[in-house]
Amino acid sequence: MNNLDERKFVLIAAVLFVCAVFILRLFWLQVVDTGWAARAADISERKVTVFPSRGLIYDRHGELLVANTPVYDIMVVPREVKDLDTLGLSTLLNVPLDQVRERLHKAREYSQWKPSEFERQITAEQYAAISVHLYKYPGFYGQSRTLRAYPPHVAAHMLGYLSEVSARKVEQDPYYKPGDVIGVGGLESYYEKELRGKRGVKYVVVDVHNNVQGRFKGGQYDTLAHEGKNLYTGIDLKMQELGERLMRNKKGSIVALDPRTGEVLALVSSPTYDPSLLVGRVRNTNYRTLQQDSLVPLFDRALQAQYPPGSIFKLVQAAIALDEGVINLNTSFACNKSLVGCHAHPDARNVEEAVQMSCNPYFYHVFKREIEQGKDPNRFKDAALGMATWKTYMESFGLGHPPALDLPAAKGGSIPGVDYYNRMYGPLQWAFSTIYSLSIGQGEVLVVPTQMANLAAIFANRGYYYDPHVVRAIGSPDSLNKHVQRHETMVDDKWFPPIVEGMRRVVNEPGGTARRARIPGITVCGKTGTAQNPHGKDHAVFIAFAPMEDPKIAIAVYVENSGFGGTWAAPIASLCMEQYLTDSISRPELLKEMEDANLIATEKNYVKFVSKRRRQ
């Protein structure tokens, strides 16, 4: 054997000796000596998610509409759970014993190493009592986050709420993790990315008693959480609160806009609910209760209820007819009730009086002239030509399509056209005589309350409007919303002043249909409407703006099953406008009358009466 072979055996022997030493040492540490295992169990690293504060929401005067309140989630790391006293944990967290076992089983299925939510959204007061006992339950610890709070307890539909993110959303968007919350409905949903901020991560070292011993490696792996951006809305909190009080025990909505900017000043849907009901651990229970309520308080009537516009449609009919030249300012028609029903009033001698007295036969003739212009000798083809032009005009008033509103799920109503009636009756099978109910805002035309308020803004501006929007600024009160556009109607602006004068007469002159809408010292322009309801008492609508010469507010009020528009809708609108323009109410008796009225009970009695009469 040469020297090379000897050195090779020596090297192999040395390697085998070192390996044997390491194996024996590992055996000693892991099997014989339990001291090192105990030390490793005493100190471990934990990854803690740092949830950012969600952006706040303010009204136009800086009043908080939505705030944040701290809560805690109890987290569990299954690999750290040892000798768990399930009964004690059940008592401490007020969680049923079977749920304790089920949740721990799910956490283990998810991961032995990663933390899982065990119990969510514990208030700060409750957590203070729980936290002092958590050391008895290795593997369980508290993690802070914030929940929404609603200081004024109003505007639930507009604000929206938070809910646990769905499994499908987690798959679609890598930002979200199981157990995260996400905005649902209202501003919370539409501005989710702006409001949610950006999560951070903190690594800490904890001992066996769950006590934090310090930052892991000095925090070099930590990331900061970035708070969500604040939203600054155009909502006037005082008017919003007043509107909700006025609409209590009524079904319907109030939408108010600033015609100069398109900012939404108030958005009321009634019946409504307290937004704090959908916060925290009671959210699911309360949501089911609201969902089962026969009055459907979760339904947003301001954005999603589609109604016949009734007589407010006459304003647009007059503007189109004047622009088309089929009538002039002094065109008069007799109030011939054999054509279409009407209330008692003198014949309208001009457009202003027709608007003032809301004469149905007058606008029957107006619409007939719009549709039958003699452009084709075939009356059916002529009606199709007239209808196509009429629909284009209507769409320029923001009708027939959803408004460009910064809220989800807004509907757009319906403006029927040639294709619609061709499908309904067949091509060349319909004419004016088939569709004349459109002349007074009945038949197949539908609008949503937001569009009604926008119509009021168009006449306030004498022919144009800005996209309605709730949020005026994001992040800073001075960063104005850049996505708002101005839209011109197809009607020449010279035709709006005489119609506006008619609207002034509606409120302020004898024979007007909305005398209850007058405000001392302020010239209000408005238009009432009564929309037919085949299932019960007719609906009431009123649109208005004020002051006449320098409009600062445009409003639409819709009160279901309340009859004539001047009885309930007009005074409610008047009180809201006065509150906004003067910061006061000068008619306490009217205020009390509107607040005390229970029209839901009245409608129930009316339906019983009608049903009884039909059986007889």
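Structural remarks
- Of the listed requirements (1) assigned to a loop (DSSP other than H, G, I, E, B); (2) touching a helix residue (DSSP H, G or I) at 6+ places or on another chain (Cβ under 7 Å), ILE435 misses just one: (1).
- If you go through region 81-102 and pick out every residue that is part of a helix (DSSP H, G or I) and under 20 Å from SER144 (Cα atoms), you end up with 3.
- Any chance PHE564 is at pLDDT 95 or above and not in a helix (DSSP H, G or I): no
- Given (1) assigned to a loop (DSSP other than H, G, I, E, B); (2) buried (at least 19 other Cβ atoms within 10 Å of the Cβ); (3) not small (Gly, Ala, Ser), index of the condition GLU444 fails: (2)
- Pair list, Cβ < 7 Å and 6+ apart or interchain, from region 510-539 residues that are assigned by TED's automatic domain parsing to the domain that holds GLY566 and under 11 Å from ALA569 (Cβ atoms) to residues that are surrounded by fewer than 21 Cβ atoms within 10 Å (Cβ to Cβ) and charged (D, E, K, R): THR530/ASP538; ALA531/ASP538
- Pairs meeting the criteria (first residue in region 143-157 and in contact (Cβ under 8 Å) with a residue 60 or more places away in the chain, second residue of a type in the set (Ser, Thr, Tyr), beta carbons under 6 Å, at least 6 apart or on different chains) are SER144/TYR72; THR146/SER53; LEU147/THR69; ALA149/THR69; TYR150/SER276; ALA156/THR272; ALA156/TYR273; HIS157/SER269.
- Matching residues, region 114-140, being over 15 Å from VAL81 (Cβ atoms) and part of a strand (DSSP E or B): ARG120, GLN121, ILE122, THR123
- Residue within region 62-78 that is under 30 Å from ALA266 (Cβ atoms) and out of contact with any strand residue (DSSP E or B) (no Cβ under 9 Å at 6 or more places or on another chain) present: yes
- Within region 415-433, being in contact (Cβ under 8 Å) with a residue 60 or more places away in the chain and acidic (Asp, Glu) holds for no residue.
- Residue, farthest from the chain's Cα centre (by Cα), within region 134-168, restricted to residues that are of a type in the set (Lys, Arg) and over 30 Å from LEU64 (Cα atoms): LYS136
- Region 567-593 - residue that is assigned to a helix (DSSP H, G or I) and either in contact with a Pro (Cβ under 6 Å, 6 or more places away or on another chain) or small (Gly, Ala, Ser) (or both) and, of those, farthest from GLY252 (Cα to Cα): LEU590
- Which listed residue, of SER111, SER131, is assigned by TED's automatic domain parsing to the domain that holds GLU63 and more than 15 Å from VAL71 (Cα to Cα): SER111
- Some residue of region 373-384 being touching a Ser or Thr at 6+ places or on another chain (Cβ under 7 Å), assigned by TED's automatic domain parsing to the domain that holds LEU267 and buried (at least 18 other Cβ atoms within 10 Å of the Cβ): no
- Among the residues of region 484-539, those identified as under 32 Å from the mean Cα position of the chain (by Cα), basic (Lys, Arg) and either in a loop (DSSP other than H, G, I, E, B) or surrounded by 18 or more Cβ atoms within 10 Å (Cβ to Cβ) (or both) are ARG516, ARG518, LYS527, LYS537.
- Residue list for region 178-204, restricted to those being free of Cβ contacts under 8 Å to residues at least 24 places away in the same chain and out of contact with any helix residue (DSSP H, G or I) (no Cβ under 7 Å at 6 or more places or on another chain): ASP180, VAL181, GLU192, LYS193
- Here region 326-345 is the region considered, the condition is being out of contact with any Asp or Glu (no Cβ under 7 Å at 6 or more places or on another chain) and farther than 20 Å from THR530 by Cα, and the residue that is surrounded by the most Cβ atoms within 10 Å (Cβ to Cβ) is ILE327.
The values are calculated or read from the model by the stated rules, or taken from the named source; none is laboratory data. Keep in mind the model is a prediction, meaning the values are calculated, not measured. Note that each Cβ is placed from the backbone with ideal geometry, even for glycine, and that neighbours are counted across all protein chains shown.
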